[in-house]
Amino acid sequence: ITLITLDVHARDVVQTLIDQKAEGPGSFLWAQQLRFAWDPYQKDIDIAITDFRTKYSYEWVGNQARLVITPLTDRCYITLTQSLKLIMGGSPAGPAGTGKTETVKDLGRALGMWVVVTNCTDQMKYTDCAKIFKGLCQGGLWGCFDEFNRITLPVLSVVAQQVQSINDAKRANVGEFEFLGEPGVHLNPVCGYFITMNPGYAGRQELPENLKALFRPCA
């Protein structure tokens with residue numbers, strides 16, 4: 001089923017390139033697709049979408065079904081991969097059941113990346129969040145925090161500092177960094193974090209500005 005799903009999408013992409021007379025590999029119509037290429041010299045898979053580049057992560061996540069890829073999925077992929085390129089987090093927002101978490105998981109599957117989903121509650125303490133972030137950094141995983149704005153405001157303020165310290169370490173391109181006063185935390189730079197939120201529900205916080213600035217929103 002997965003092969004057929006991806007094959008149908010590939011067929012539609014080729015048809016669109018023909019219909020809209022894409023000039024060559026420099027065309028944005030081509031650049032906006034998630035593209036895989038085998039590098040015979042390094043014996044590895046190069047993945048590209050717009051100007052984001054990465055290697056395949058080879059994480060076996062089971063033979064699971066993939067999402068049907070729509071123009072909106074493509075647009076989410078571009079925003080989320082650009083977030084990673086800018087060393088930020090991604091923040092898909094929208095009503096319940098619209099596929100925010102599934103889209104993050106599906107992008108992870110495409111890149112061979114293990115995605116850990118955490119359902120957030122108002123019981124979460126900043127130490128709980130710190131443990132998860134530390135695990136993501138050391139394992140080179142993606143974390144998806146569902147309903148992130150259910151966490152209480154004082155905790156979210158501390159989480160902003162945690163995310164900022166990881167971002168700073170990624171920008172500095174270091175192998176180890178100090179996290180919440182603990183030195184020597186290993187950093188695998190492919191780690192990423194995404195938050196999903198249901199806006200306008202009762203009992204949800206508005207994110208503090210210092211935290212909002214670390215995530216790229218994606219409707």
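What to note about this one:
- Every residue from region 68-91 that is assigned to a helix (DSSP H, G or I) and either open to solvent by 40 Å² or more (accessible area, probe 1.4 Å) or among the acidic types (Asp, Glu) (or both): Pro71, Leu72, Asp74, Arg75, Lys85
- Residue in region 156-171 that is surrounded by the most Cβ atoms within 10 Å (Cβ to Cβ), counting only those that are touching a residue at least 12 places away in the same chain (Cβ under 8 Å) and charged (D, E, K, R): Lys170
- Region 25-46: number of residues that are open to solvent by less than 50 Å² (accessible area, probe 1.4 Å), in contact with a Lys or Arg (Cβ under 7 Å, 6 or more places away or on another chain) and under 22 Å from Asp7 (Cβ atoms): 1
- Counted residues, region 190-219 - those being open to solvent by 30 Å² or more (accessible area, probe 1.4 Å) and more than 20 Å from the chain's Cα centre (by Cα): 8
- Of the residues making up region 47-67, those that are open to solvent by 50 Å² or more (accessible area, probe 1.4 Å) and within 18 Å of the chain's Cα centre (by Cα) are Asp51, Arg53, Lys55, Tyr56, Tyr58, Glu59, Trp60, Leu67.
- Selection within region 92-137: residues that are among the basic types (Lys, Arg) and crowded, with 16+ Cβ neighbours inside 10 Å. The member of this set that is nearest to Leu207 (Cα to Cα) is Lys100.
- When region 1-54 is filtered for residues that are polar (S, T, N, Q), part of a loop (DSSP other than H, G, I, E, B) and more than 27 Å from Val190 (Cα to Cα), the ones remaining, listed by number, are Gln20, Ser27.
- Qualifying residue in region 92-110 (condition: in contact with a strand residue (DSSP E or B) (Cβ under 8 Å, 6 or more places away or on another chain), assigned to a loop (DSSP other than H, G, I, E, B) and either small (Gly, Ala, Ser) or at negative phi (or both)): no
- Residue among Leu153, Leu187 that alone is in contact with a Gly (Cβ under 8 Å, 6 or more places away or on another chain) and either over 20 Å from Thr98 (Cα atoms) or open to solvent by 10 Å² or more (accessible area, probe 1.4 Å) (or both): Leu187
The values are calculated or read from the model by the stated rules, or taken from the named source; none is laboratory data. All of these numbers come straight from a predicted model, not from anything done at the bench. All Cβ positions, glycine included, derive from the backbone under ideal geometry; neighbour counts span all protein chains shown. Remember, those area values only see protein heavy atoms, side chains included, never the ligands or the DNA or RNA. Shrake-Rupley method; radii C 1.70, N 1.55, O 1.52, S 1.80 Å.
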